[in-house]
Structure formats: structure tokens, C-alpha cells
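The values are calculated or read from the model by the stated rules, or taken from the named source; none is laboratory data. Since the model is a prediction, treat every value here as computed from it, not as a measurement. Don't worry about glycine lacking a Cβ; one is built from the backbone with ideal geometry, like all the others, and counts go over all protein chains shown.
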Ligand SMILES: NC(=O)c1ccc[n+]([C@@H]2O[C@H](COP(=O)([O-])OP(=O)(O)OC[C@H]3O[C@@H](n4cnc5c(N)ncnc54)[C@H](OP(=O)(O)O)[C@@H]3O)[C@@H](O)[C@H]2O)c1
């Protein structure tokens, strides 16, 4: 075990947060019960905000970035985890209030860990990462709402070519749904069709202000865009349908009316992956292990060295990333 390693650390530069590579030692890590040797982390939209300093993600500094971890337990003071166990951590405040996955080692709380499902390698688990696990939480939430039945209409996925969108399409298609992908990148249509999308709408069709109640079209949806896009999705949802909303790639506002909710019983289901209780996490990962085609997962995945994080962070904020980026923390 090497005593020092390189990590992506968010620190204050001229009073503003900014990521840079720094050398850390294992003895400098938080005094939590499980030491993990990290194999891979991921790049999510939130990581882009944190590393670039364009969003105030880190609430204390210095902060090790990276909201996801996949690796192997090296030391454990918890009876629940043994050296050699392969584990995943998603969220729990990593990169916000707790040191995260952009480094070779991290100490974490035992209750944050999930055992790596047999269906996935460590690399595939990070190809899923927070974005994919959130997509699974969204599909779980729509199923729990209970009105969306395969073969009974179209399901909308916005931000389709992004991380959440890509995995949501693959999961919904695996359930037999007719999935319509909203994207601003027509060049991704073949990619999205291979994941399971059968229809496309340009994202500008949803991002312009529309009426409070529009023609009913969606039996359900997964939205990672927010703002006017989410408002239009709700206004176009059939009576009794639901949209699971998890993101704000298009804005954090919600400039709509209550009419879809009070006149059509449409539900807006909020999904938060960071603080989701363990029972929801296990359900989401079980769904991924059961329904996510690993060939499709591999087709949406690019592995990048950690040294490329500064540029990749700019790319994800500019909407230039397709699918999922796995970060190899050893390079
Ligand atoms: N609630 C949670 O726990 C949770 C968890 C994970 C992610 N999120 C949020 O979900 C969102 C997506 O995350 P991600 O990791 O999938 O990010 P991503 O890979 O960057 O995907 C976002 C996608 O949104 C679309 N988009 C980007 N800018 C847009 C704009 N101005 N207007 C309309 N669409 C736009 C793009 O899709 P097209 O190119 O296909 O148009 C882009 O690929 C982010 O806001 C993230 O913070 C929330």
C-alpha cells in the first residue's frame, strides 16, 4: 500500500472553490471505519460543477472531489466489511461535506457501502455511478406511483444523451416501454435508438414556454433538465401519470402552474440520490443488476484517466459528454 497518492482536491483560490491535483497521505484521511482502495470513480454533472468551481458543491475545504467510489476494502473496524470485499459508494455527501472518490484511497463510514452486485465489474459499477443509480431510483419511483404500464403509451426521457438519460432509456426499454428521447443532439439518435429509444423530440420543443395544459402524450417520464422542460413535460402528461424529476441541467426554476396536478392528477415525484435511504439504494441496484444490459452499458461508457478531470469537467457542463465517463484514479 503506497503511503501517498494523488487526489483531485477542491480548495479556495482567491476566495473561490477550484479543483487541483494534490498529494495526500493515507494518514490524512478522515477517521472512518473502512479504508477502501479505489479502482474507479465517475464524472457526473455535479462533479463538473465542483472541479471547475462553477458551482458551490464543496461546503468545506479542502475537499476531495468525486461523488462515487468503486473499490476494495483494505482495512475495516466494522464487523460488516472485510478486507477484499468489493464495494460501491454513491452520494452520502461525498465531495460536499465528506471527502470523495478522486484519489487512490478513502476512508468511509460502513453504513455508506453497498456490496458490488455479481452482475457488474468495478468499472461497470462506475459506468452506472450516481447518474445510473439515480435513473434506477426514478424508474422505481414511477413504478411505485403505479400508473405507467408497458404498451399503454410513450414514456419521455429528457436530457436523453446524458448519464441519467442514457441509463433511464435502457432501463425503461428493458421493461417493455415505448421510450421517446428528448435531446438537443440529433447526432446521438443512433446511439439512443441502440439503447432502446423508439422516438425522438428536439429539446427545444420542450424548452419553450407552453400552455399550462397541453395535449396529453406521456404516460410517465424521467426528467434531468428541470425548468420549462419539466413544466412542459407535466403539462403534456396523461391524467394520473407522473414525471420523476432529478435534475437541473436546463435550470433550477419551475415556472409552471398547479393545473396539471389539480385537473389531471399528474404527479411530480422528486428524486434525491444523495440522501436516499439504504432500502431505496438496494432496490435501485437490484433493478440495475436485473434489467440493465451490460452490452448497452459498455456502449455508453468511456474510461478516462483522472488527469483529464479539469477538461472533462468543462465538457460535461457544456453538454459535450455522451453517456457515462468512468474515472480511472490510478492514471
Ligand atoms: N437528484 C439527484 O440525486 C441527481 C443525481 C444525478 C444527477 N442529477 C442531476 O441530473 C442532471 C443530469 O445529470 P447527468 O449526470 O446525466 O448530466 P449529463 O451527463 O451532463 O446530462 C445532462 C443532459 O442534459 C441535457 N442538457 C444539458 N444542458 C441543457 C440545457 N441547457 N437545456 C436542456 N437540456 C440540457 C443534455 O442532453 P442532450 O444532449 O441529450 O440534450 C445533457 O447531456 C444534472 O442536473 C444533475 O445535477 C441529480
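Structure notes:
- Checking the stated criteria, residue 204 turns out to be within 11 Å of the ligand (Cβ to nearest atom), surrounded by fewer than 17 Cβ atoms within 10 Å (Cβ to Cβ), on the phi < 0 side of the Ramachandran plot and in the same structural domain as residue 247 (by TED's automatic domain parsing).
- The set of residues from the range 79-99 being touching a helix residue (DSSP H, G or I) at 6+ places or on another chain (Cβ under 8 Å) and either surrounded by fewer than 16 Cβ atoms within 10 Å (Cβ to Cβ) or not in a loop (DSSP other than H, G, I, E, B) (or both) comprises 80, 86, 88, 89, 90.
- Residue match in the range 133-154 (condition: part of a strand (DSSP E or B) and within 13 Å of the ligand (Cβ to nearest atom)): no
- One residue stands out in the range 285-316 among those that are modelled with pLDDT of 95 or more, within 13 Å of the ligand (Cβ to nearest atom) and crowded, with 22+ Cβ neighbours inside 10 Å: the one that is nearest to residue 194 (Cα to Cα), namely 312.
- Search result, residues across the range 138-153 that are surrounded by 24 or more Cβ atoms within 10 Å (Cβ to Cβ) and touching a helix residue (DSSP H, G or I) at 6+ places or on another chain (Cβ under 7 Å): 138, 139
- The range 247-279, residues that are surrounded by 14 or more Cβ atoms within 10 Å (Cβ to Cβ) and either within 14 Å of the ligand (Cβ to nearest atom) or modelled with pLDDT under 95 (or both): 247, 248, 249, 250, 251, 254, 268, 269, 271, 273, 274, 276
- Scanning the range 166-198 for residues that are assigned to a helix (DSSP H, G or I) and under 18 Å from residue 143 (Cβ atoms) yields 167, 168, 169, 170, 171, 172, 173, 174.
- In the range 317-324 there is no residue matching the filter, namely being more than 10 Å from the ligand (Cβ to nearest atom) and either under 21 Å from residue 206 (Cβ atoms) or buried (at least 16 other Cβ atoms within 10 Å of the Cβ) (or both).
- Filter pass, residue 98 being assigned by TED's automatic domain parsing to the domain that holds residue 220 and at pLDDT 95 or above: no
- When the range 172-193 is limited to residues that are within 15 Å of the ligand (Cβ to nearest atom) and in contact (Cβ under 8 Å) with a residue 60 or more places away in the chain, the one that is nearest to residue 222 (Cα to Cα) turns out to be 184.
- The condition (being away from the ligand (no atom under 16 Å from the Cβ), closer than 30 Å to residue 27 by Cα and in contact with a helix residue (DSSP H, G or I) (Cβ under 9 Å, 6 or more places away or on another chain)) is satisfied by just one residue among 124, 106: 124.
- One residue stands out in the range 214-232 among those that are crowded, with 16+ Cβ neighbours inside 10 Å and over 20 Å from the mean Cα position of the chain (by Cα): the one that is farthest from the ligand (Cβ to nearest atom), namely 216.
- Residue 59, sole failed condition from (1) within 23 Å of residue 133 (Cα to Cα); (2) part of a loop (DSSP other than H, G, I, E, B); (3) free of Cβ contacts under 8 Å to residues at least 40 places away in the same chain: (1)
- Summed over the range 6-24, residues that are buried (at least 18 other Cβ atoms within 10 Å of the Cβ), in contact with a helix residue (DSSP H, G or I) (Cβ under 8 Å, 6 or more places away or on another chain) and under 14 Å from residue 106 (Cα atoms) total 1.
- Evaluation of residue 196 against (1) more than 13 Å from the ligand (Cβ to nearest atom); (2) closer than 21 Å to residue 260 by Cβ; (3) in contact with a helix residue (DSSP H, G or I) (Cβ under 8 Å, 6 or more places away or on another chain) (one fails), failing number: (2)
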